[in-house]
Amino acid sequence: MKVDFTITSLRRGGGESVLVTIANNLASRGYEIKIITYSLPHEYELNPKIKIVKLHSGIIKNQTLRYIHELYKYYRIKNNRPDALISFMTQTSLSAILIAKLFRIHIIASEHTNHARTSTNKRLVNFTRKYIYRFANYVTILTSYDLEFYKKNKSNAVIVTNPCTFKQVSDSIIQKEKIILGIGGLHKYHIKGFDNLLKLIKPVLDKHKDWKLMLVGETKISGYDFLYQLAKDLKIENQVVFAGLRDDVQNIMSKSEIFVLSSRNEGLPMVLIEAMFQGMACVSYNCVSGPSDIIENNINGILVSDQDQTEMAFQINRLVEDKQLRDKLSRSTSKIASKFDEDLVCNKWESLIKSEL
């Protein structure tokens, strides 16, 4: 069976990582997989059986119209058409759904943030979610928070969680370091809440000089300069490590004590799931969607009222000072394994692909 995926690019990001995980898994099951992109970069290791189709040309300046035009030209050739097309991200899904319906291709649109969040192209995103998604065979969403919205707008929405590729830590023999870890692109520091995190964590670091805050993620100059200067102004720059983009995130997580999710907004945060798989003591803001689907408060992690900086600082300090609590939370993360296991999640994708074919 031929299955195509389409996405703007394969640059490092949450949705892109999920696409690659699912594509690699399905390729290992014998599916004929293609990934269609509209721009560079391509930053992931793929199953060698997967074919990349680069629709990077075209003179149309409007991005959405270019996507529609290039995908139409590609699928106009009958042999290029798949049995099923899976589109990732809202803007890509608009073009994918229109072309899929034209050529009668089974189409699944995949959302990777909650419906209340629109960072760019707000009108186009809202139009797609309200009026175009209803023409897809399925729309996959991450949490129950979005279900009513999509059902109300006549979309065939189904909840499919993100898969985790990390192997779960089965014991605690790894020597942990006194690191509080945050992960996300520094150029998205407002969304990821790193600006507030530096401010609220200052008294914790001042009190515990042997602890460090490590931020892992793309260090575009604008974000890095702002955050480094902020750390310097707060006089904690010697305890803040800007680790940059790393390929050894799993190893970093396995050696770090505490993971903090300081985001102002999330869909279903993969980094939180991955941190729990690595046995980290996790503390997160209870954003409008995502963390509460992962953390059972005070059982396998700590949920803090959304953007309550005083409470977040208190809970981080509590974890720093209470090793027994860290160990307790770490030992209780095993329950999430079945919910986010890669093969189990990909079984759900396989069912969606095969339905109605």
Condition broken by residue 86, with the remaining ones in (1) touching a Phe, Trp or Tyr at 6+ places or on another chain (Cβ under 6 Å); (2) part of a loop (DSSP other than H, G, I, E, B); (3) modelled with pLDDT of 95 or more satisfied: (2)
So how many residues does region 150-176 have that are in contact with a helix residue (DSSP H, G or I) (Cβ under 8 Å, 6 or more places away or on another chain) and either on the phi > 0 side of the Ramachandran plot or part of a helix (DSSP H, G or I) (or both)? 2
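Can you tell me how many residues in region 289-315 are in a helix (DSSP H, G or I) and either without any contact (Cβ under 8 Å) to a residue 12 or more places away in the chain or more than 30 Å from residue 115 (Cα to Cα) (or both)? Don't jump to the end; show me each part of the working.
Pass one, region 289-315, residues in a helix (DSSP H, G or I): 291-294, 309-315.
Add one more test, that the residue is either without any contact (Cβ under 8 Å) to a residue 12 or more places away in the chain or more than 30 Å from residue 115 (Cα to Cα) (or both), and what stays is 292, 311, 314.
Looking only at that region, the number is 3.
Which one is modelled with the lowest pLDDT among residues in region 127-168 that are small (Gly, Ala, Ser) and within 14 Å of residue 114 (Cα to Cα)?
In the first step, residues of region 127-168 are kept if they are small (Gly, Ala, Ser); the result is 136, 144, 155, 157.
Checking which are within 14 Å of residue 114 (Cα to Cα) leaves us with 144, 157.
Numbers: 144: 90, 157: 97.
Going through the qualifying residues, I end up with 144.
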Taking interchain pairs and intrachain pairs at least six residues apart, which have beta carbon atoms under 6 angstrom, with the first residue in region 42-55 and in the same structural domain as residue 72 (by TED's automatic domain parsing) and the second among the acidic types (Asp, Glu) and surrounded by 14 or more Cβ atoms within 10 Å (Cβ to Cβ)? 55/70
Take residue 249 and tell me if it is touching a residue at least 40 places away in the same chain (Cβ under 8 Å), under 18 Å from residue 166 (Cα atoms) and within 19 Å of the chain's Cα centre (by Cα). yes
Considering every residue within region 35-50, establish whether at least one is charged (D, E, K, R) and not in a loop (DSSP other than H, G, I, E, B). no
Selection from region 323-357 of residues that are touching a helix residue (DSSP H, G or I) at 6+ places or on another chain (Cβ under 9 Å) and more than 21 Å from residue 268 (Cα to Cα): 325, 326, 353
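The values are calculated or read from the model by the stated rules, or taken from the named source; none is laboratory data. Because the structure is predicted, anything quoted here is derived from the model rather than measured. Every residue, glycine among them, receives a Cβ derived from its backbone with ideal geometry; neighbour counts consider all protein chains shown.
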